[in-house]
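Below is one structure, written out as structure tokens; comments come after it.
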There are 2 protein chains.
Amino acid sequence: MDTHPAEMTVHSSQPHNAEPVRTALAGRDLTPVEVFYHRNHAADLPRIDPASWALRVDGMVERPATFSLGALRERFAEHAEVVTLQCAGNRRAGLIEVADLPGEIPWGPGATGTARWAGARLADVLRDVGVDPAATDVVLTGADVADEPGEPYTVSVPLEKALASEVLLAWSMNDAALPAAHGAPVRVVVPGWIGARSVKWLERITVADAPSSGFYQAVAYRLLPADASPAPGRGVALGPIAVNADVLSPADGAEVPAGTVPVTGYALAGGDRTVVRVDVSTDDGATWTEADLDPQASRWSWRHWHIDLDLPAGTTRVVARAWDSAGGVQPADPAELWNPKGYVNNSWARVTLHAVAARDG
Amino acid sequence: MDTHPAEMTVHSSQPHNAEPVRTALAGRDLTPVEVFYHRNHAADLPRIDPASWALRVDGMVERPATFSLGALRERFAEHAEVVTLQCAGNRRAGLIEVADLPGEIPWGPGATGTARWAGARLADVLRDVGVDPAATDVVLTGADVADEPGEPYTVSVPLEKALASEVLLAWSMNDAALPAAHGAPVRVVVPGWIGARSVKWLERITVADAPSSGFYQAVAYRLLPADASPAPGRGVALGPIAVNADVLSPADGAEVPAGTVPVTGYALAGGDRTVVRVDVSTDDGATWTEADLDPQASRWSWRHWHIDLDLPAGTTRVVARAWDSAGGVQPADPAELWNPKGYVNNSWARVTLHAVAARDG
């Protein structure tokens, strides 16, 4: 694989799975591509020649069509959205501390990132081919094939979401051509939904009257009861992202000077929700202080927050939690939401800081 | 006030605030009007002569209009939706156990109910008068005037929600004329949002470019930080309903025969969320068993659930929690979400059952 800066933790190289350390995400509306997380299933990433790439649009449509990259860019207006992607397995390490999750990647806080994506609206493409009124779902297929299940990566989104103006077929990331490692020449970006629906190396769009029966929706990326094993249709397919938050700076375990310590982080709410408040506690949740919310780069972006804490010398555990626009708050403890595939760890964020008193000259 | 069946707990008579005992809600898709909760602010309920009632539609519209009840019913098609309403203060009693909430009604589990509402779509009325493209909100004003703030009840909903097909101007409840106590001749029903937005005794619809600055949105029905006092604009206006659930049968504190005990309840998720799973625990959340979900009467209705528990003789605390379609789960403890006005208690549901062993003949 490509080389990576020191801020990346590589969980596996084939398939390539890597995340930045939390501080690499701090204080930036947009995450540089060098520290944007990689979540892959196939051992080898597709390397697609843009000149020969074609997107097939078929299924329950009036006029099935195939678009070259040039035709796609020419026929449909380019729209841009600042969107936070987040893997459903983000923060899984906190669940593994509760009970082991063999075979699952122990994602820390960095399986999330925000970019400015630009491309065609999926809605414009769907309207161009004409959707059958009986259709309910849009199936998205990429070029990547993992050993299990041995078929191209396939998931779907409900037609209602597919027609929303924020869902893009993106050929650009942070104002540069979409990198091969992030799905070039064209990937889907489904704002507010788990990253697994934002299909990379897109090759086919199939309008249908049922959700995808593909492995990554019918078996994987599902919320299972605590005592269940994955099986087709067992549990519930994950979709919108539940309210979540994390501390991004200082690093977990950092040594800081006692006194005023700036603490920053992000919060994110998916689907129709926004983040309305972030609280920070230094007494494990007995009392809370409201953090200041920074401006949000877009409706579909994370929201950074900051607070100055007055830390005495010694060790303090800093806890953060976000509230969404329904008045929903993150659960306290990862044990409350442990599940057999280790998804949706949206329990309170916790980092430990070691404050050191200044020494007299 | 009217007389009430024994299943109603009356919190106050002027204004009239009353809720059913939980068992009155059990096992019914629709809540009979006799046991549907009453949440009022004005000491005296408006008694409106339908023959002289008129609905004014004004503000940022092309053609301001006034509709009589006859004109409204004649001009706009009737649509029906089964919708669960829920007061933002439902289950406040659980928050009061954490820390007192002086002056707030100690709602138990019954400030919620489901009815089949029928009337005109608000969207149809708005399209009829023509909405200014710069509009963002729809302000709704009722005829009820409380001592505080001394002005008619007024809130708003975002234009996007106001235009959704499920939002009704209802003149019918459970296939009968809307009762005076529930807002006759016409009330608003905003599915998936806190009951406070479903304005009763509707008199005026004003299209605007900002949310309502009325007391019930700018001061009351807001999520406040734990250390804050209500003040205009402080905190966050509540809107969609966070995932919630409760046990409806047996009653809290009930004596039941040891052995197999059927337990039933409801779960509800607001906004764009649905209920995907309900878990029940008899060991305070250490282990969980999935309950069976009953069919949902509509997209906007609560979802009943049931489970047979095997209870030994003695006292068992039954705990239930629901997960929504974003993988969000209810927080464990009311202390986690205590807030100064006592809203959104969506912590785990808990009832205590006393199982009595059968005696030998």
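The values are calculated or read from the model by the stated rules, or taken from the named source; none is laboratory data. For clarity, every value in this text was computed on a predicted model and none was experimentally measured. Ideal geometry is used to build each Cβ from the backbone, glycine not excepted, and the neighbour counts take in all protein chains shown. Only protein heavy atoms, including side chains, enter the accessible area calculation; ligands, DNA and RNA are left aside. Shrake-Rupley method; radii C 1.70, N 1.55, O 1.52, S 1.80 Å.
Points to keep in mind about this one:
- Principal axis dimensions, the range B:38-100 - Cα atoms, whole angstrom, descending: 51, 28, 25
- Amide hydrogen neighbours beyond the local backbone of residue A:9, cut-off 5 Å, H modeled: A:19, A:21
- Distance from the range B:95-150 to the range B:254-302 (C-alpha centre basis), Å: 27
- With 5 Å bins beginning at zero, the pair-distance distribution over Cα atoms of the range A:104-180 amounts to 3, 12, 16, 18, 21, 18, 9, 3, 1 %.
- Residue by residue, the range A:116-122 carries 3J(HN,Hα) couplings of 9, 9, 9, x, 7, 6, 4 Hz when phi is fed to the Karplus relation 6.51 cos²θ - 1.76 cosθ + 1.60 (θ = phi - 60°); x denotes Gly or Pro.
- On a per residue basis, the convex hull of the C-alpha atoms belonging to the protein assembly as shown measures out at 183 Å³.
- Close amide-amide hydrogen proximity is noted between residue B:88 and B:195, B:196, each under 5 Å apart and 5 or more residues distant or on a separate chain (H modeled in the peptide plane; Pro and chain starts excluded).
- B/A buried area, accessible surface, summed, 1.4 Å probe, Å²: 2500
- Couplings for the range B:279-285, taken from phi via the Karplus curve 6.51 cos²θ - 1.76 cosθ + 1.60 with θ = phi - 60°, read 10, 10, 10, 10, 10, 6, x Hz in order; Gly and Pro are left as x.
- Normalised by 2.2 N^0.38 Å, where N is the number of residues, the C-alpha radius of gyration of the range A:140-185 stands at 1.38.
- Sequentially through the range A:54-59, phi angles give Karplus couplings (6.51, -1.76, 1.60; θ = phi - 60°) of 9, 10, 8, 10, 8, x Hz, Gly and Pro residues having no value and appearing as x.
- Of the solvent-accessible surface of the range A:236-358, computed with a 1.4 Å probe over protein heavy atoms with every protein chain present, carbon and sulfur atoms account for 50 percent.
- Given A:161/B:341; A:341/B:341; A:200/B:161; A:161/A:200; A:161/B:161, the pairs whose alpha carbons are separated by over 26 Å: A:161/B:341; A:341/B:341; A:200/B:161
- At 7 Å out from Cα toward Cβ: residue B:357 inter-copy label distances (nm, ascending): 6.2
- Solvent-accessible area assigned to carbon and sulfur over the range A:1-134 amounts to 48 percent, based on a 1.4 Å probe.
- Looking at the protein assembly as shown, the DSSP beta bridges with both ends there are about 90 percent antiparallel.
- Over all distinct Cα-Cα pairs of the range B:1-91, the Kirkwood formula returns a hydrodynamic radius of 16.4 Å.
- Taking all Cα pairs closer than 8 Å and separated by 6 or more residues, the relative contact order of the range B:249-302 comes to 27 percent.
- Over chain A, accessible surface divided per residue gives 38 Å², non-protein components excluded, 1.4 Å probe.
- Put simply, the Cα atoms of the range A:295-361 extend 51, 33, 20 Å along their principal axes, the longest span coming first.
- Projected-area mean, chain B, by convex hull of Cα positions, square nanometres: 18.9
- Charged side chains reduced to their Cβ positions (Lys and Arg at +1, Asp and Glu at -1) give the range B:172-331 a dipole of some 860 debye around its Cα centre.
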